[in-house]
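Visitor: Take this structure, written in structure tokens, and hold onto it; I'll ask about it next.
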Amino acid sequence: MRPRKLLRIARWEVTKNAGGVDKRTLAVAGLAIALIAVLAPAVAAQGAVLDEGIYRVAVDEDSRYYDVVEENPTFVARPDATREDLGESVDLYIEDGYVSPAASPKGRAAKEELRSAVQAYNNEQLRQEANQSAAFPVSVSLEYREQSQAGGTLATDGEDPQQVRDPDNRSDNRTGDGTPVDGNGSNATDGTDGTDGTDGTDGTNGTDGTDGTDGTAGAPNSGGLGGAGSAISGDGDSVDSPSQLSPPFPFESLVLAFVFIIPMNFLIQAYGSTILSERLNRRGELLLVSPVSRYEIIGGKTLPYFAGAMAIEAVIAVGLTYVGTGTIGGLVSIAAILPLVALFLAATFVGAMFARSFKELTFVTVTITVGLTSYAFVPAIFTDVTPIALISPLTVVVRDLQGQAVAAPEFLFSVTPPLLSAIVLFGLGAGLYREEDMFAQRAIPLKVLDALAGPVRKRWHVGAMVAVLLPFVFVLQLLAIAVLFALGEVSIPLLLVVVAVVEEIAKSLPVYAAYAHKRFERSTVSALVLGAIAGAGFFVGEKITQLAQLVGLPELAQGQAALQIAPTDVGAPILIALFFLPLLLHGVTAAISAVGASRGKRAYVVALGVAMLVHLVYNLAVLSEVLGNV
Amino acid sequence: MIEVSDLRKEYGDFAAVEGSTFAVEDGEVFGIIGPNGAGKTTTLKMLAGLIEPTSGQVSVAGYDADDTEMRRRLGFLPEESPLYEEMTPISYLTFFADLYDVPSDVAEERIDETLSELDLDHRERQLGDMSKGMKRKVAIARSLINDPDVLIYDEPASGLDPLTTNYIIQFTERLAEEGKTIVFSAHNLFHVESICDRVAIMNEGSIVAKGDLETLQAEHGETEYHVYTTVEVPDSVKKNGRYRRVVNSMDEVEATREAATEAGGEVVDIRTEESSLEEVFLNVAESGRVEA
């Protein structure tokens, strides 16, 4: 690839489109940027407070609640108000430690908000204690249980300090510093209900206070206000699933992730259009016949969008860092966002190569927006809740902007799958960037087959193609973990189904595409050989998933189920067996699908179903049994 | 300049081009004619390196068709003129001149010269606002921006009005006079006949006849002799006070002369009428003859 040619095409791409952007589009884009520019620094500086000053509280300055009210922007203190003002100019009236709400929904909401504010205040007080072990003592209750087939076998035993369950099985709290992550959840924060115990108005909540002392990492009562969870404080270290947590909604993470993801959704619209416009009416034909390679054309057309996206993201990252810390930084964020930008563009590129019209392109870009935003955005919201969030590079960005350290393995774990996926997607799209494919009006599924079969000329190419698809498999499985793990133990069998479906499709589709393009003779022997090669290719590529061990993901039952990571505390023979069993599985199931693929579409669908079933049985029976016995 | 050997292109089970073999000499104008779907465009695109042949060999100016160096020496004009309509002729041609590594001063001069020759004004107008004929002229100018040795033109005058068509054909003739090697296809056989040195006739993916016009006429055409006599002879018709008999061989001409003499008259004129390329093409297409 010659940089000069690439840059010339990039310059042409910019100047060509410069006059094509109408004023309305510019206005909308400008408004969006202005909104981001205003919103993001505000969040970075002080967090987003959309309900500032909505509750008015009559509280004396010498009341112990006064500081709570003052420090929480939701409240406005009205020291001069009287009881007569309750329901009129104030929503809460506090006198001698007793809290009286106005007889209205707003009054009741104000009381609930005060309770949360007290919890947060208490927690902050406790965090300032020099002896954190004393401030947040940990009590561990052990209970030995029969292991269930799926979830139980993959959960750690009671001796593992990282995965201790409370007797009620309501939380998996395990902390290094004793800080609970439940915030105001059902367990750890119950101590806060001492607030009500203090005012003596809520006996039920006083009972909840028992849970606080029950010791599931909950903070004890402190003074008259009780303990409080740390919420999303950044120093939590939990592997709880959302179904077991009730943290305050992490609005700051949400806004930060939102700020980074929005520009990309604008950008891919323009990028998709420019790629598709090359294909419509054969406009790109003359570039193809000029003395530049297709890679220079693709690179040149992509570069302005990539550079533009990175520039915007860099400005956001550096700006937010500066607003938040007063220093110039954000390099980690910029590096983490790069593969995500590449993935957005790569997916759009392939989508635009598949689409036959702007109508189809709209469908494609919406799909990409929803899919990739889910992949990148949703985990990042829960940055401080679970290590699963690290499947998204945005999590690294959010953590970096929140001043948290990001370890190199965590960084690699986040950025490698999207980066590899982007490279593969660009490669598949580039395979179609030639006269015969890019101007052909073929249905999207057929284009997918074209892309897969394009590079396949020899048998071993099938194995290579299957291995190349591994980043997608990995990303999909990680996404499945993130989506399904909220369901708790039910998610394990569901994940095993997802794993079987995704992996069998990845192994068999290149074989089917090769047969569809008459690359190989349609015979049983040929199919068995191709199946074995595809299985071996997948097996080799699958080892990439060992990357997951670099972070805490395998410690989750869901992580083990989806990634099928072998335990390390077993003997050599079992380790060897566990190492090679997947090779046998992949070879067998890929061969089943390949035999079907060699006999046509309908036979392929049936064979693929059988292969998925075999894979699922293996996952459920063999793997779980093996792991359960070790 | 161009060597094509046993060229074949398959799309699934369909063979768009099969077994084409021909050569084009340096400075020659070579036409490819045939009905729709005959494989003309596919053949030209394989020559230009746009389509990869299923089998067979293509060499242009001594380079393989997929060689970047070959593309530097080639000017390709597709059947449509898919221009970037948001650009002006100048910016469009300058961009392609850059891609072909034409020095900017040379490019500027060449663009000005070519657009003048093509009689194209409105050089700063957006291409999207131009007529089809003007766009075609810009497309032709682009094909010449690198001063190529070889020009491959696919239906250069397709869909244009007669005036513009005539202009473009004349321009192509001038390019041939400058020594460019030109391969082009056309539906209008009159255009091919007027400027081509040799012609290949394609039908259903195969070359069914090829050669110079005389050879094709001799092999696939018919020569008619119009014999005019002063008296009526068998199969004659009266025209302008004379009788005309149309025959297909010199023996029949002699027989007509004898018949006129026996009737007391004489032959006063003999005119020869050769088949046009169109008639040759129709003959070949109807007979389905395949040249070995």
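The values are calculated or read from the model by the stated rules, or taken from the named source; none is laboratory data. Given the structure is predicted, the values throughout are model-derived calculations rather than measurements. A quick note on method: Cβ atoms are made from the backbone with ideal geometry, for glycine too, and the neighbour counts reach across all protein chains shown. What goes into the accessible areas is simple: the full protein's heavy atoms, side chains included, and nothing from ligands, DNA or RNA. Shrake-Rupley method; radii C 1.70, N 1.55, O 1.52, S 1.80 Å.
Visitor: Can you find a residue in segment B:103-123 that is over 25 Å from A:ARG8 (Cα atoms), under 14 Å from the mean Cα position of the chain (by Cα) and acidic (Asp, Glu)?
Guide: No, segment B:103-123 has no match at all.
Visitor: Mind checking which residues of segment A:67-80 are at pLDDT 85 or above and open to solvent by less than 40 Å² (accessible area, probe 1.4 Å)?
Guide: A:VAL68, A:VAL69, A:PHE75, A:ALA77
Visitor: A further question follows. List the helices (runs of 4 or more DSSP H) that sit entirely inside segment A:549-630 and contain at least 3 residues that are modelled with pLDDT of 90 or more and surrounded by 23 or more Cβ atoms within 10 Å (Cβ to Cβ).
Guide: Correct list: A:572-597, A:601-617.
Visitor: Among the listed residues A:VAL315, A:VAL289, which satisfies the condition of being facing chain B (nearest Cβ under 9 Å) and either surrounded by fewer than 21 Cβ atoms within 10 Å (Cβ to Cβ) or among the β-branched types (Val, Ile, Thr) (or both)?
Guide: From the options A:VAL315, A:VAL289, the qualifying one is A:VAL289.
Visitor: In addition: List the number of the failed condition for B:SER59; all other conditions in (1) within 24 Å of B:GLU177 (Cβ to Cβ); (2) more than 13 Å from every other protein chain (Cβ to nearest Cβ); (3) not in a loop (DSSP other than H, G, I, E, B) hold.
Guide: (1)
Rundown of residues vs (1) more than 9 Å from every other protein chain (Cβ to nearest Cβ); (2) part of a loop (DSSP other than H, G, I, E, B); (3) touching a residue at least 24 places away in the same chain (Cβ under 8 Å), yes/no style:
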site	(1), (2), (3)
B:PRO35	yes, yes, yes
B:THR43	yes, no, yes
B:PRO53	yes, yes, yes
B:MET70	no, no, no
B:PHE95	no, no, no
B:ARG125	yes, yes, yes
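Visitor: Next question. State yes or no: is B:ARG271 over 35 Å from the mean Cα position of the chain (by Cα), without any contact (Cβ under 8 Å) to a residue 60 or more places away in the chain and open to solvent by 70 Å² or more (accessible area, probe 1.4 Å)?
Guide: Details: over 35 Å from the mean Cα position of the chain (by Cα): no; without any contact (Cβ under 8 Å) to a residue 60 or more places away in the chain: yes; open to solvent by 70 Å² or more (accessible area, probe 1.4 Å): yes.
Judged against the criteria, B:ARG271 is not a match.
Visitor: From the list B:PHE14, B:PHE76, which residue is within 14 Å of chain A (Cβ to nearest Cβ) and without any contact (Cβ under 8 Å) to a residue 12 or more places away in the chain?
Guide: B:PHE14
Yes or no, residue by residue, for (1) at pLDDT 85 or above; (2) more than 14 Å from chain B (Cβ to nearest Cβ); (3) surrounded by 14 or more Cβ atoms within 10 Å (Cβ to Cβ):
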residue: A:LEU6; (1), (2), (3): yes, no, yes
residue: A:ILE9; (1), (2), (3): yes, no, yes
residue: A:TRP12; (1), (2), (3): yes, no, yes
residue: A:ASN17; (1), (2), (3): no, no, yes
residue: A:LEU35; (1), (2), (3): no, yes, no
residue: A:ALA40; (1), (2), (3): no, yes, yes
residue: A:GLU52; (1), (2), (3): no, yes, no
residue: A:VAL57; (1), (2), (3): yes, yes, yes
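Visitor: Sticking with this structure for a sec: Exactly one condition in (1) within 9 Å of chain B (Cβ to nearest Cβ); (2) assigned to a helix (DSSP H, G or I); (3) surrounded by 18 or more Cβ atoms within 10 Å (Cβ to Cβ) is not met by A:ILE262; state its number.
Guide: Only one criterion in (1) within 9 Å of chain B (Cβ to nearest Cβ); (2) assigned to a helix (DSSP H, G or I); (3) surrounded by 18 or more Cβ atoms within 10 Å (Cβ to Cβ) is unmet by A:ILE262, namely (1).
Visitor: Here's another thing I want to ask about it. Restrict the check to segment A:112-128 and report whether at least one residue is of a type in the set (Gly, Ala, Ser) and on the phi > 0 side of the Ramachandran plot.
Guide: No: segment A:112-128 contains no residue that is of a type in the set (Gly, Ala, Ser) and on the phi > 0 side of the Ramachandran plot.
Visitor: Inspect segment A:455-465 for any residue being open to solvent by less than 10 Å² (accessible area, probe 1.4 Å) and of a type in the set (Lys, Arg) and give the result as yes or no.
Guide: Checked against the condition, which is being open to solvent by less than 10 Å² (accessible area, probe 1.4 Å) and of a type in the set (Lys, Arg), segment A:455-465 yields no hits at all.
Visitor: Of all residues in segment B:79-93, how many are among the hydrophobic types (A, V, I, L, M, F, W, C) and at the interface with another protein chain (Cβ under 10 Å from one of its Cβ atoms)?
Guide: 2
Visitor: With surrounded by fewer than 21 Cβ atoms within 10 Å (Cβ to Cβ) and within 14 Å of chain A (Cβ to nearest Cβ) as the only criterion, which of B:GLU204, B:GLU177, B:GLU155 stands out?
Guide: One residue alone meets the criteria, B:GLU155.
Visitor: Also, I was wondering about something else. Are there any pairs, at least 6 apart or on different chains, whose C-beta atoms fall under 9 Å, with the first in segment A:448-463 and under 21 Å from A:GLU504 (Cβ atoms) and the second in a helix (DSSP H, G or I) and of a type in the set (Asp, Glu), and if so, which?
Guide: Sorted first by the residue in segment A:448-463, then by its partner, the pairs are A:ALA451/A:ASP437.
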